[in-house]
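Following: one structure in structure tokens, then a few remarks.
The values are calculated or read from the model by the stated rules, or taken from the named source; none is laboratory data. Everything quoted here is computed from the prediction, not taken from an experiment. Neighbour counts run over all protein chains shown; Cβ positions are idealised from the backbone, glycine included. Heads up: the accessible areas ignore ligands, DNA and RNA and are worked out on the full protein's heavy atoms, side chains in. Shrake-Rupley method; radii C 1.70, N 1.55, O 1.52, S 1.80 Å.
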Amino acid sequence: MKLAQRAAQIKPSATLTISAKAKALKQQGVQIVNFGVGEPDFDTPQHIQDAAVEALKKGETRYTAVGGIDPLKDAICRVVAEDYGLRYGNANVLVCCGGKHALYNLFQAVLDPGDEVIIPSPYWVSYPDMVQLAGAIPVTVACPEETGFKLRPEDLQEAITARTRMIIVNSPSNPTGVHYRRSEYLALAEVLAQHEDVIIVSDDIYYRILFAGYEWVNLAMLDERLRERTLIVNGVSKTYCMTGWRIGYLIGDAGVIKAANTIQSQSTSNPTSIAQWASVAALNGDQQIVSNMARIFEDRCKYVLGRLARLQDITCPCPAGAFYVFPNVSRYYGREYAGQTIEDSLGMADFLMDKAHVAVVPGSAFGEDRCIRFSYALSMDDLKEGFDRIEKALALLA
Ligand SMILES: Cc1ncc(COP(=O)(O)O)c(C=O)c1O
């Protein structure tokens with residue numbers, strides 16, 4: 001059947017494709033070590049599960065307000081006041097079916113055909129496609145390993161045109177794990193302050209998974225001039241191991257929130273009622289579990305960096321948070337084993353899948369073909385096993 005142009009131009013998410021390939025091999029009995037997944041490997045904490053069961057029992061099973069229940073909006077405002085030092089009211093909050101949906105609604109609400117959106121690259125896979133779905137033009141700006149995978153003010157300045165409507169920043173980042181220091185953000189803020197029509201999207205989904213010694217800040221917190229035009233995207237998926245519950249939120253200008261709410265009202269309506277009540281428990285409950293999880297990821301990160309350091313031809317900037325590393329494997333390109341030459345990141349991902357039974361995501365999916373992405377949301381045993389296999393497989397290419 002003929003598809004709409006809109007559907008034809010959108011690529012399926014590469015991360016999901018790799019996970020599907022790993023799953024298919026697993027079903028054939030192959031033991032895959034899957035570094036492809038983008039979610040914590042821990043269960044949703046018990047008290048959050050209990051809150052969902054209680055909500056069910058209490059009959060919280062009907063439509064809620066389109067943009068979310070007030071107790072959840074209250075909790076979001078309280079957390080943002082504490083963690084960001086920024087005051088918002090419930091009219092500034094829209095609860096959506098995940099952070100991804102928050103971004104989607106936002107883009108639909110504010111982007112017009114022909115608008116340009118600056119996306120520092122490497123970027124999270126979904127940004128360019130979601131921008132395109134809104135009819136706008138993704139303008140990727142290369143932030144290579146040499147700049148620590150971070151946008152420099154001079155590159156930002158050069159990318160801004162009269163048609164620039166938005167910039168998306170994500171710190172700590174998927175896929176690199178790097179984050180912006182206060183001074184780095186202040187320098188970007190100085191450029192953005194000169195361009196009053198540019199909306200800033202701060203994707204803070206990994207902000208609580210930050211390693212010791214790093215300070216988390218965002219642009220709205222740092223520069224008052226940017227505050228009113230910054231839209232914050234966050235959610236419970238990564239922080240509380242709730243990826244399947246599908247609760248994310250958009251915070252910012254009440255007019256934008258109202259428009260995004262209207263879009264949501266004509267598509268999904270409210271996010272799942274039970275998941276909303278579980279999210280209230282997540283935000284209002286014990287936060288020690290979050291720092292415990294961050295410490296575990298930090299230990300794993302150290303281990304992974306140690307293993308990568310043993311591989312002479314790989315370099316990798318040190319992450320500040322999240323649960324990803326994004327090593328540069330391009331020194332292997334052009335090398336060959338048994339008639340198979342590694343040409344690019346997809347070739348490397350395929351080689352590792354075939355020879356090491358290890359799943360990674362090719363960097364091309366994130367706009368940087370010299371790298372591959374590892375998620376270390378895996379047990380220490382799996383990490384060790386995976387890197388033992390990788391070491392052996394890469395030795396074949398030496
Ligand atoms: C950078 C980034 N933003 C947003 C999301 C969306 O997460 P969710 O829709 O589960 O809230 C993800 C998920 O992988 C992500 O990595």
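Annotations
- Dipole orientation for segment 190-262: of the candidates MET242, VAL217, VAL201, MET242 has the Cα lying most toward the positive pole (charges on Cβ; Lys, Arg +1; Asp, Glu -1).
- For the chain, with all protein chains in place and a probe radius of 1.4 Å, 50% of the accessible heavy-atom surface sits on carbon or sulfur.
- Put a plus charge on the Cβ of each Lys and Arg, a minus charge on the Cβ of each Asp and Glu, and nothing anywhere else: the dipole of the chain about its Cα centre is then about 800 debye.
- 15 Å reach of a label modelled at GLN31, 7 Å along Cα-to-Cβ, counting backbone N of segment 345-363: 356-359
- Set against the 2.2 N^0.38 Å expectation for a compact globular protein, the chain has a Cα radius of gyration ratio of 0.98.
- Net lengthening on full extension, ALA24/ALA187 (0.36 nm per residue, minus Cα-Cα): 54.0 nm
- Distance from the C-alpha centroid of segment 289-329 to that of segment 341-398: 14 Å, rounded to the whole angstrom.
- Solvent-accessible area per residue for the chain (1.4 angstrom probe, square angstrom): 43
- Here is the result for segment 310-358: no chymotrypsin sites (Phe, Trp or Tyr not before Pro) lie in DSSP coil with at most 15 other C-beta atoms within 10 angstrom of their C-beta.
- Within-10-Å neighbourhood charge of ASP313 [Cβ basis; K, R +1; D, E -1]: +2
- Cα-centre dipole for segment 303-398 with unit charges at Cβ (Lys and Arg positive, Asp and Glu negative), debye to 20: 260
- Using C-alpha pairs below 8 Å separated by at least 6 residues, the relative contact order for the chain is 23 percent.
- Segment 63-284: C-alpha gyration tensor shape, a/c 1.5 cut-off, then a/b vs b/c: prolate
- Residues in segment 300-325 reached by a label modelled at ARG331 [backbone nitrogen below 12 Å; 7 Å Cα→Cβ]: 309-316
- Over the residues of the chain, the helix contribution to mean residue ellipticity at 222 nm works out to -12500 deg cm²/dmol, using -39500 (n - 2.57) for each DSSP H run of at least 4.
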